[in-house]
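In what follows, a single structure is set out as C-alpha cells and then discussed.
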Amino acid sequence: MTTLRNITITGIRGIHDTISIDLKTNQSLLIYGDNGSGKSSIADAIEWFYHDRIDHLSKEEIGLNGIPALRNRFLSDDETATLGIEYSDSALNSTKSLSTKNNKFSSLYSNTNKSFDSYRVASKNENLILRYRDLVRFIYLRKKDKLDELSSIIGFGELVEIRSVLLKVLNDITKLLKNSRFDDKINQGQSQLLQQVNQSIQNDAQYFSAIQNLIEPLGLSIKVTDKKSIDDALGKIRQPENKDDILLQASYEKAITLISNITSSLKSISVPYTTLLSKHQSISGSIENIKNLRLENLLNEGFKLINEAFFDEDRCPLCLQSKNRSELLDEIKFRINELSELKKAKEELKGLQQDVVNLVNHVLSEISSLKAEKCILLKENTKHIEMFNQIHEAIISNLQEIEGDILGKAISNNLFKVNLDTIVKVSTDFATQKKQIFEKRKDDKKFEITTKITIARQLYDGIVKLRAEEKILKDQQQTFDALYREFIKRQKEGFVAFLDAISREINDLYLFMNKDEKVDEIQLIPIGVGDDFDGITYQFKFHGDVVTPPDKYLSESHLNCLGICLFLTSVKAFNKRNKFFILDDVISSFDKNHRIRFANLLVEKFADYQILLLTHEEDWFEFIARMVKGKGWKIHNIKWEVNQGASIEIPLTDVKAKIEHKLTNKDKDGLGNLIRKYLEGILKDISYSLEVSVKFRFNDKNESRMSNELLSEIRSHINKKLPEIKEHPIFGRLEASNFLGNKTSHDNDFQESIPDLQAFYDDVIALEALFICDKCKKLVAVTYLDTVNGKIRCSCGNINYNCR
C-alpha cells in the first residue's frame, strides 16, 4: 500500500513561499499551528490533488469547486501554484500545478503514466481526509443518503445496478405478458371453437375427439388421432368447388378475431398514454429542466467519448482548451451525478414512452395481419380496407410524435383515439358475409363439416401457439423472478454481513474512547421492506435500551467520537491503495479525557498507518508530541507571516526541549515558569504511578495542583512506603529551589539568574532520574510491584526499591 515520502507546496491557500515536508521513512506527521496559520492549507492542497475540488470551498459564491480560492491571493498571474507528492512507490511521484490566465484556471499533472491515473482514480473512493466540520456529517445524513454513500464506497452500487437490470428484464417480461392478453385471446379462441365443435376443448385428446365426432356422420373409415389424420379426413371430404368458400369462411373467422384484438388493444393504450402525458408535462413544463437534461446528454456523450480514449488529448474536445484528461473526466462525472434526480425522472419517462410504443406497435401488427386477410381484399370490402389503411397511417403518424426524444416537444392528448364503433361495425359486416356464404350451402353437409374442421383447426392451432408463447414468457418470468429474488437475498446477506463487520469495529473504537459510559452495541442497520433497502441508520444501546438515532441522547463530544470512529473504520475497511490518512483539527469539542483516549487510540490501534495530524490545540499537541517521541513521527510547527505566508519550522516539541533551548541561549524569559510546569508534570506522573493519595478536588481543579502540594504528598507517601529513598537529598533541594519556579511565574521584583535556573532544572532532572528508567523509559509504578521480593520497580527492573 502507498504512503507519502515528501510533500512540497507552493502558492496554495495560506502557503505562498515553498514549504517542504520530508517523510522519507514513511513517518507520521504532527503539525501544530494557531488558527489561521495555514496548517489546513496542507489538507486543502491534498484534497485538490486527488479530487480537483475542495468540498468546504465548493460554494456558489466561489464557484468551480472552490478552485478560485485555492491559489494564494498574493500570487501573480504568471506564477503557478503547485503541490508535489513523492510516494513510497516512486512511479507515482507527481506534481500538480494550477495556473490562471484571463481569470480561467487550468491544472496539470506532471505524471501522465497510466499507473498514476489508475492510482488516482482508485484513491478517489478512499477516505483520506477528516476535518472537524465533517465529523458528524455521515451521522446526520438522511437514511437514503447514508445508503448511497456507503454503496458508492464499497461497490454496492454496482450490485444495485445489476439488480436493476434483472428487475427491468423481469418487469419487461411481466408487461409483455400483460399486454399480450393471452388469457383473453385464448378464452376468445375457445369460445369460437365451442361454436364449431359443440364442446369445450382443453387438450389434444379432446380436440381429436371433437374432430372425430364431426366426421362421424360421413361414415369415413378414418380414426382421428393426430394432425395427419385430420388432413386425411379433409382430403376425402373436400370438394374442388367448395374449397374457396371454405378458406373464405376461415378468413372471416380470423378477421373477426383480429378486429376484437384490435379494439381491446386500442383501449389498453389509454391508461399508459395518459400517464406518459402527465410525466412529460412535469418535466417538459420547465425550460430549466429541458436545458439541464440536454446538458446531461451532452455530458454523457462527452464522458463516453473521452473515457473510451477516442479523444486522448489533454484538452476539452468541445472548447479545445487545455485540460488534464483525468480531471476533465472527474468534473464531467461530478456534474452528471448532480443531475441524477432529473435523470431518474427522464428514465421513468422513457420507460412509459416505451410501454406506449410497444402497445401501439402491437396494434399496428394486428392491423397489418387483418389487412392481409383474404376476406378484406374482396371488392365488396374495399371501404373496410380503406378505413383500416387510414387508421394504420394515422396511428403511424401518432407514433412518430412520441418516438425519439420528446423532451421539450408538445404532445397532443388526442393521439391514438379511434372510433371503435366503426371497427366493431366491420366485425358485424364480416359476420354477416360469413353467414351468407354458409346459407348458400346450408344443405351441403360436407361443406358444413369441412368448414367447421378448417375453422376449428385454425382456432385450435392459434390457441396452441398462444399457450406456447405464454409458457415461454412465464418460464422466463419465473426464471428471472427466481434469479432476482436469489440475487437480492444474497445481496442483502452480504451487505448485512458487511455492516455487522464495520459496526463491530466502530463499536470497539468507540468503547476504547468511552469506557464505562453506558453506551454499547453500536450498529449500522439497513432499513427497508422485505429484501429491499431504502436507507441505513445507527442503532445503539443506551443504559441497556436500544436507541436510534445517535443524536437523540449523545452529546456533541460523543457524536464527534462516533464520527471519528466511523472515519477510522472506513479507513481500515475501504482504503486498499493508501496507507495514510489526514486528521485536520478534529478534537476541538473533546474534553480532556476524550483527547487523551483518542491519542492512545491513534498510537495503539493505528500504529501501522501513516497519520498526518494537524491541530491548533497546544496542550494536546504537547501531549501527543510526548507520546510519539521515539516512535518515528515527524513533528513541526507552522506559522504565518504577512510577507511569506505559512512556513514550517522544526519545533521544540515538549517543555523539556524548550527549557534546554532557553538555557543554552541564556534566555531567561519565561524559563522559570517552564521549569515549574515541567516539574508539575513529573510530579503528577509520579503521583499516578505510585498511587499517591491527594486531597479530593472538584472537576478540573484536580489538574491545577501546585508543585509544592504534590511534592509534599509524594514525600509523605515515600516516607510510609519507600524507606529506601525517603532520605534522598533531592526532595529537600526541590522544596528550596521550587521557590524559583513560583517566583518567576508571577509578577514581582525578583530577578532570577541563569545559574539559579540551571540549578533548579538540574534538581528536576535528578528527581526524574530517581523514578524514570533511562532504559525502558517507564516510571517506577505500582503496576510493576514485585510482592514476592517486596520491590516496586520500573518495567524492565533496572530501577527497583524496597517497599512496605
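The values are calculated or read from the model by the stated rules, or taken from the named source; none is laboratory data. Computed from a predicted model, the values in this text were never measured in an experiment. Virtual Cβ from ideal backbone geometry, glycine too; neighbours counted across all protein chains shown. Calculation scope for accessible area: heavy atoms of the full protein, side chains included, ligands and nucleic acids excluded. Shrake-Rupley method; radii C 1.70, N 1.55, O 1.52, S 1.80 Å.
Against the longest alpha carbon principal axis of the chain, how many degrees, from 0 to 90 and to the nearest 10, is the axis of helix 556-574 turned?
70
Amide H to amide H, which residues 5 or more places from residue 799 or on other chains are under 5 Å from it, using H placed in the peptide plane?
Counting only residues 5 or more places away or on other chains, the set is 794.
Please report the net charge: other residues with Cβ closer than 10 Å to the Cβ of residue 269, K and R +1, D and E -1.
+1
How many angstrom lie between the Cα centre of segment 74-129 and the Cα centre of segment 20-56?
Result: 14 Å between the Cα centres.
If you plug each phi of segment 721-732 into the Karplus form 6.51 cos²θ - 1.76 cosθ + 1.60 with θ = phi - 60°, what whole-Hz ³J(HN,Hα) values come out, in order, with x for Gly and Pro?
10, 10, x, 4, 10, 5, 9, 4, x, 4, 5, x
If the convex hull of the alpha-carbon atoms of segment 590-692 is projected onto planes in all directions, what is the mean projected area in square nanometres?
9.1
Report ³J(HN,Hα) in whole Hz for each residue of segment 191-197, in order, from the Karplus equation J = 6.51 cos²θ - 1.76 cosθ + 1.60 where θ = phi - 60°; Gly and Pro get x.
5, 5, 5, 4, 5, 7, 10
Using 19 Å as the Cα-Cα cut-off, could you pick out the over-long pairs in 374/417; 185/267; 254/465; 243/383; 24/579; 379/445?
Cα-Cα > 19 Å for 374/417; 243/383; 379/445; rest within.
Which whole-angstrom value gives the distance between the alpha carbon centres of segment 366-381 and segment 168-237?
With segment 366-381 and segment 168-237 each reduced to a Cα centre, they are spaced 24 Å.
On a 0 to 90° scale, report how tilted helix 592-605 is relative to the longest principal axis of the chain, with both axes built from alpha carbons and the result rounded to the nearest 10.
Orientation of helix 592-605: about 70 degrees from the principal axis.
Which value, in Å² rounded to 10, gives the accessible area of residue 226 with a 1.4 Å probe and all protein chains present?
Residue 226 has an accessible surface of roughly 70 Å² with all protein chains in place.
For the residue pair residue 788 and residue 264, what label-to-label distance in nm results when each label sits 7 Å from Cα along the Cα-to-beta-carbon direction?
It works out to 9.5 nm between the two label points.
I need the phi-derived Karplus couplings for segment 765-774: 6.51 cos²θ - 1.76 cosθ + 1.60, θ = phi - 60°, integer Hz, Gly and Pro marked x.
Whole-Hz 3J(HN,Hα) from phi for segment 765-774: 5, 5, 4, 4, 5, 5, 10, 10, 6, 7.
So, with a 1.4 angstrom probe, what is the percent of accessible area on the chain that is carbon and sulfur?
49
For segment 386-518, rounded, prolate or oblate, judged on the Cα gyration tensor with a ≥ b ≥ c (square roots of eigenvalues), a/c < 1.5 rounded, else prolate if a/b > b/c?
oblate
With each run of n ≥ 4 DSSP H residues scored as -39500 (n - 2.57), what mean residue ellipticity at 222 nm is computed for the chain after dividing by its residue count and rounding to the nearest 500 deg cm²/dmol?
Taken over the chain, the calculation gives -19000 deg cm²/dmol.
Using a 1.4 angstrom probe and counting only protein chains, how large is the accessible area of residue 626 in Å², to 10?
Roughly 140 Å² of residue 626 is accessible to a 1.4 Å probe.
Give me the compactness ratio for the chain, meaning the Cα radius of gyration over 2.2 N^0.38 Å. Working shown, then result.
Values: Rg = 42.9 Å, N = 804, 2.2 N^0.38 = 28.0 Å.
Relative to the rule-of-thumb radius for its length, the chain sits at 1.53.
If I fit a long axis through the Cα atoms of helix 618-628 and take the longest principal axis of the Cα atoms of the chain, what angle between them do I get, 0 to 90°, rounded to 10?
Tilt relative to the chain: about 90 degrees.
Can you tell me the FRET efficiency between residue 226 and residue 481 if r is taken as the Cβ-Cβ distance and R0 is 30 Å, rounded to the nearest 0.05?
The calculated FRET efficiency here is 0.25.
Computed over the Cα atoms of segment 179-287, what is the ratio Rg over Rh, Rh following Kirkwood?
With Rh from the inverse mean 1/r over Cα pairs, Rg/Rh is 1.25.
Show the residues, 5+ positions off or on another chain, whose built amide H is closer than 5 Å to the amide H of residue 6.
23, 86
Multiply the residue gap between residue 759 and residue 726 by 0.36 nm, knock off their C-alpha separation, and tell me the result in nm, one decimal place. Don't skip to the answer; put the middle values down first.
On the way: separation 33, 0.36 × 33 = 11.88 nm, distance 2.15 nm.
My answer for the length gained is 9.7 nm.
Quick one: grab the alpha carbon gyration tensor of segment 1-133, order the square roots of its eigenvalues as a ≥ b ≥ c, and give me rounded if a/c is under 1.5, else prolate or oblate depending on whether a/b is larger than b/c.
rounded
For the chain, what relative contact order do you get, as a whole percent, if you take Cα pairs closer than 8 Å and at least 6 residues apart?
In percent, rounded to a whole number, it is 18.
Give the long-range amide H neighbours of residue 108: residues separated by 5 or more places, or on another chain, with amide H under 5 Å away, using H modelled in the peptide plane at 1.01 Å from N.
Placed amide hydrogens put 97 under 5 Å from residue 108.
Where both partners of a DSSP beta bridge lie in the chain, what percent of those bridges are antiparallel, to the nearest 5?
Roughly 75 percent of the DSSP beta bridges within the chain come out antiparallel.
How big, on average over all directions, is the shadow cast by the Cα convex hull of segment 568-627, in nm²? Present the calculation step by step, with values, prior to reporting the outcome.
On the way: hull surface 16.5 nm².
Over every viewing direction, the Cα hull of segment 568-627 projects on average to 4.1 nm².
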